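Colleague: Got a structure for you, written out below as structure tokens; questions coming shortly.
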Amino acid sequence: MKKVYLETFGCQMNVSDSERVATLLESKGFEMTSEEDSADVVLLNTCSVREKAEHKLYTRVGQIQNFNESNPLIGVMGCVAQLEGETLFERNKGIDFVIGTKAVGRIDTAIEKAYQGKKKVLDLNNREFDYDWSTSETQRHSKYVAFVPIIEGCNKFCTYCIVPFSRGREKSLVASEIIRQVLELRRQGVKEIHLIGQNVNSYRPRNDSGLEKFKGATPFSKLLRAVAATDIERIKFTTSFPRDFHQDIVDAIDENQNLCNWVHLPVQSGSDKVLKAMRRGHTIENYKRRIDKIKSSDRNISLTTDLIVGFPSETLEDFKETKDLAKYCQFDSAYIFKYSQRPGTPAAEMKDDVTKEEKRERFLDLENVVRKSQKKSLKLKVGKTLEVLAEKVSNKKPNQLSGHSTCQTVVNFDANKSNLGDICKVQIQEAKANTLLGKLL
Ligand code: SAH
Ligand code: SF4
Ligand code: F3S
């Protein structure tokens, strides 16, 4: 039996693809292993969103070639595979096969061909017509939490971003199929599902199947209500795109306790000038109105975001506007990125004129601002009782369990393994830098 070691970089879409690839390979008689050294095949599921992410691939291929004694076949899948295609073989002689983002359903064929001695096996073609991108039968990253892709790809073409090129155009799964999967996951004991997509709220299925009975201002808010009606215990969704963020999403959360109180709404910049150059399609004013609506909910919805510092032509004044916006929004947490030029994107034609050092300074400066609101938000939870899904034994302390609250904060608490998979009432005792510590009630 051939052993396959699979390593995943990048976003949840890649994690989700990896889950399906692992399931497919097992069904074809391969064995998935967590020990790289004994693997016959090493698969790298890659990310291309920033230069650093892309470079990880080349570092890893080098390491595997130099140190792995089993001398495995090396396969590249994911976004770098899709974008670089054949050129990967020239760049790195150690790579045996390359599988694009739409070709994951044919991974077994690629491996077989590479085994038969075929050189440089390449598949960048489209998904098979009947490719099942469902998740219900798959190996999952967690027993209790499952990712359900509802829309893949991106039509937005923000000027800095490579994703529309690596993932292609938006394609939504019909709601009846999503609901079938959620019901199946619930039957299997999954407590929390994440509806995932590059922009979940741009969801637009080709027909209404499964949504007929549900009200909603947009197909996505209808879908939220439809999924809530499955009675699965918790539903989270990520990522939301500001321009398509209808206030009805907040109404749906208000109406349904199992729609969790967390919204991830990447703003990228606090300057209208920069937002325009990024082609985000939203202004600060309309972003703030959406935030106001979110904050007005009685559900105490937590708000997280993504921010980019050092986009071409960003001045100190623009950057100050980003800090002001962060203060206004009081984010519960944020991912901050230094702008990274991506070949082939429109922004790559602009002059990358914010120096490395300036990017670093702005990054640290903004991190400080976000840290303050994050700290405040964590402190406010001390003394309160949160519902925490006990997902795993804590990495550091074997007598502690670790999981997420409904608002997506990591909470650690003393409890034993018998509580795994339960939604526990936890009284919060202490706020750490990024997490909370509590006791089981
Ligand atoms: N679809 C989501 C984001 C997906 S990419 C949205 O539009 O909100 C995840 C994050 O990576 C982005 O929000 C952005 O902050 C960051 N990112 C994307 N391209 C980048 C680049 N070229 N340089 C730096 N950060 C980038
Ligand atoms: Fe990239 Fe913009 Fe699409 Fe998000 S919306 S994936 S940032 S192009
Ligand atoms: Fe990276 Fe591709 Fe996701 S570029 S962020 S793995 S869609």
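The values are calculated or read from the model by the stated rules, or taken from the named source; none is laboratory data. Keep in mind it's a predicted model, so treat the numbers as computed, not measured. Note: ideal-geometry Cβ built from the backbone for every residue, glycine included; neighbour counts use all protein chains shown. The protein model used for the area step is the full one, side chains on, heavy atoms only, and it has no ligands, DNA or RNA in it. Shrake-Rupley method; radii C 1.70, N 1.55, O 1.52, S 1.80 Å.
Colleague: Which entries of 3/52; 320/397; 56/113 show an alpha-carbon separation above 31 angstrom in the structure shown?
Modeller: Exceeds cut-off: 320/397.
Colleague: Could you tell me the convex hull volume per residue, in Å³, taken over the Cα atoms of region 137-380?
Modeller: Output value, Cα hull per residue: 131 Å³.
Colleague: Let me ask you something else. Looking at 87, 219, 57, which one has the Cα that reaches farthest to the positive end of the dipole of the chain (charges on Cβ: Lys, Arg +1; Asp, Glu -1)?
Modeller: My answer, from the dipole projection, is 219.
Colleague: Here's something else I'd like to know. Where the convex hull is taken over the Cα atoms of the chain, what is its projected area averaged over directions, in nm²?
Modeller: That works out to 21.3 nm², a quarter of the Cα hull's surface.
Colleague: At a probe size of 1.4 Å, how large is the accessible area of residue 350, to the nearest 10 Å²?
Modeller: Result for residue 350: roughly 60 Å² accessible.
Colleague: Right, next: Mind checking which aspartates and glutamates have their Cα closer than 16 Å to the Cα of residue 396? Skip sequence neighbours fewer than 8 apart in that chain.
Modeller: Counting by Cα, and skipping residues close in sequence, residue 396 has these aspartates and glutamates nearby: 414.
Colleague: Of all DSSP beta bridges located in the chain, what percent are antiparallel, nearest 5?
Modeller: Among the beta bridges of the chain, antiparallel pairing accounts for roughly 35 percent.
Colleague: A further question on this structure: Pull out a ≥ b ≥ c, the square roots of the eigenvalues of the alpha-carbon gyration tensor of region 1-106, then state rounded if a/c is under 1.5, prolate if not and a/b is larger than b/c, and oblate in the remaining case.
Modeller: oblate
Colleague: Would you mind working out the magnitude of the charge dipole of region 181-304 relative to its Cα centre, with +1 at each Lys and Arg C-beta and -1 at each Asp and Glu C-beta, to the nearest 20 Debye?
Modeller: I would put it at about 420 debye.
Colleague: Then there's this: In the chain, what percent of the accessible surface is made up of carbon and sulfur (1.4 Å probe, ligands and nucleic acids excluded)?
Modeller: 48 percent
Colleague: Moving to a separate point now. Let me check I've understood the local charge: for residue 214, count other residues with C-beta under 9 angstrom from its C-beta, Lys and Arg +1, Asp and Glu -1. What total comes out?
Modeller: Combined, the nearby Lys, Arg, Asp and Glu give +3.
Colleague: Could you put 295, 375 in order of accessible surface area, largest first, with the 1.4 Å probe and the full protein assembly present?
Modeller: Descending order: 375, 295.
Colleague: Among 313, 161, 232, whose Cα lies farthest out toward the positive end of the dipole of region 137-380, if unit charges sit on the beta carbon of Lys, Arg (+1) and Asp, Glu (-1)?
Modeller: 232
Colleague: Using unit Cβ charges (K, R positive; D, E negative) and no other charged atoms, how large, in debye to the nearest 20, is the dipole of the chain about its Cα centre?
Modeller: Computed charge dipole of the chain: roughly 900 debye.
Colleague: So what are the three principal axis dimensions of region 385-440 from its Cα atoms, in whole Å, longest to shortest?
Modeller: 25, 21, 16
Colleague: Tell me which aspartates and glutamates have Cα within less than 15 Å of residue 356's Cα, excluding those fewer than 8 residues away on the same chain?
Modeller: 51, 314, 365
Colleague: Per residue of region 330-338, in order, report the coupling 6.51 cos²θ - 1.76 cosθ + 1.60 (Karplus, θ = phi - 60°) as ³J(HN,Hα) in whole Hz, putting x for Gly and Pro.
Modeller: Result, rounded to whole Hz: 6, 4, 6, 5, 8, 8, 10, 10, 7.
Colleague: So what are the ³J(HN,Hα) numbers for region 347-355, from phi and the Karplus equation (6.51, -1.76, 1.60; θ = phi - 60°), rounded to whole Hz, Gly and Pro as x?
Modeller: Going residue by residue, I get 5, 5, 7, 7, 6, 7, 9, 8, 5 Hz, with x marking Gly and Pro.
Colleague: Please report how many Lys pairs in region 149-283 have alpha carbons closer than 15 angstrom, counting only residues at least 8 apart along the chain or sitting on separate chains.
Modeller: Close lysine pairs under the 15 Å cut-off: 5.
Colleague: Mind putting a number on the dipole of region 3-123 about its Cα centre? Charges go on the C-beta only, +1 for Lys and Arg and -1 for Asp and Glu, and I need it in Debye to the nearest 20.
Modeller: The dipole of region 3-123 has a size of about 380 debye.
Colleague: Let me ask something else about it. With n ≥ 4 as the cut-off for DSSP H runs, can you work out [θ] at 222 nm for the chain, using -39500 (n - 2.57) per run divided by the number of residues, rounded to the nearest 500?
Modeller: -10500 deg cm²/dmol
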